[in-house]
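The values are calculated or read from the model by the stated rules, or taken from the named source; none is laboratory data. Model, not experiment: these values are computed from the prediction. For neighbour counting, all protein chains shown are included, and Cβ atoms are generated from backbone atoms with ideal geometry for every residue, glycine included. Side chains included, ligands, DNA and RNA excluded: accessible areas come from the protein's heavy atoms. Shrake-Rupley method; radii C 1.70, N 1.55, O 1.52, S 1.80 Å.
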Amino acid sequence: MPFDPIAYKTTTRSQWEDAAEAWHCWGPTLETWLDRATAAMLDAAGVDAGAQVLDVAAGAGGQTLAAARRAGAGGRVVATDISPTILTYAAKAAAAAGLTTVETVEADGEDLGAFPAGSFDAVLSRLGLIYLPDQAGALAGMRRVLRDGGRVAVVVYSTLDRNRFFSLPVSIIRERAQLPPPQPGQPGPFSLGAPGVLEAALEGAGFRDVRVETVPAPLQLPSAAECVRFERESFGALHQMLSGVPEAERPAVWADIEAALRQFETPAGFAGECELLVGSGAR
């Protein structure tokens with residue numbers, strides 16, 4: 001069956017609406033896990049005092065808040081997402097942190113038409129671009145809203161063999177749901193991770209001074225069971241894939257995933273393999 005981007009977006013929005021509360025509740029885990037990559041992304045985008053920042057596919061906004069702290073009282077950070085519910089958590093987190101320069105706007109990452117051209121110093125997307133069907137169009141939209149000299153910075157997963165905390169569950173679910181391999185150009189967690197792909201995407205959208213940094217980001221949790229709970233509660237992409245498995249069979253799929261992930265347990269706890277790329281470029 002050909003890939004249907006409209007149906008995909010509808011399902012994605014629904015899945016993130018359902019997962020919004022869990023994604024928010026797992027916020028401390030997310031920010032510990034992604035802390036180094038987030039800092040690298042903000043550095044690559046040149047976010048500093050007074051910066052005007054757009055955060056695309058912001059989710060519950062951990063990186064939004066980090067950007068707002070850097071930009072300070074003279075800056076502005078606009079967080080967008082396709083899920084209005086998840087944005088409510090980003091707004092509440094900003095308010096609780098006293099960050100009054102954060103705004104939230106419901107928007108498709110491929111349609112930034114609500115924002116004037118050249119209105120931001122930096123555009124960010126942390127683990128968001130990979131799930132957009134038209135990644136080239138999304139990057140072109142990000143470039144349009146940047147001022148001359150402004151920078152985009154995105155965080156993506158590298159290759160599936162370097163992200164087995166996630167790729168093992170994906171492969172197990174794909175087999176049980178009898179899903180075909182991803183089609184070329186189809187969105188997904190590893191869609192921009194192969195060598196040269198992220199660089200080509202940024203350059204193809206017209207960015208210059210393109211850079212890609214590799215960031216080791218092992219997911220550290222008490223146990224494989226806790227990793228399964230994390231992914232089961234908050235990873236919308238896995239739920240999207242699991243929709244093809246009868247509900248009565250899903251507990252067995254998660255049990256298989258936990259068994260596969262136990263290889264990453266150590267005496268100090270669970271350390272799931274994860275490697276991220278931080279790609280950036282200037283308008």
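Data overview
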{"quantity": "Relative contact order of the chain, pairs being alpha-carbon contacts under 8 Å that are 6 or more residues apart, as %", "calculated": "23"}
{"quantity": "For the stretch 95-188, the Rg and Dmax computed from alpha carbons only, in angstrom", "calculated": "16.9, 48"}
{"quantity": "Two-site FRET efficiency, residue 95 against residue 31, from Cβ-Cβ distance with R₀ of 22 Å, rounded to 0.05", "calculated": "0.80"}
{"quantity": "Euclidean distance between Cα centres, the stretch 116-158 to the stretch 159-225, Å", "calculated": "18"}
{"quantity": "Accessible area in square angstrom per residue, the chain, 1.4 angstrom probe", "calculated": "43"}
{"quantity": "Separation of the residue 147 and residue 223 label points, Cα + 7 Å toward Cβ, nm", "calculated": "5.3"}
{"quantity": "Cubic angstrom per residue, convex hull over Cα atoms of the chain", "calculated": "118"}
{"quantity": "Square roots of five times the Cα gyration tensor eigenvalues for the stretch 1-146, Å", "calculated": "23, 19, 13"}
{"quantity": "Relative counts (whole %) of C-alpha pair distances in the stretch 71-127, using bins that are 5 Å wide", "calculated": "4, 16, 27, 27, 19, 6, 0"}
{"quantity": "Residue 88-residue 7 FRET efficiency (beta carbon distance; Förster radius 30 Å; 0.05 resolution)", "calculated": "0.75"}
{"quantity": "At least 20 Å along the helix axis (C-alpha) and Kyte average at least 0.5, DSSP helices within the chain", "calculated": "none"}
{"quantity": "Accessible surface of the chain [probe 1.4 Å, protein heavy atoms]: carbon and sulfur percent", "calculated": "53"}
{"quantity": "Mean projection area, nm², convex hull over Cα of the stretch 146-257", "calculated": "8.6"}
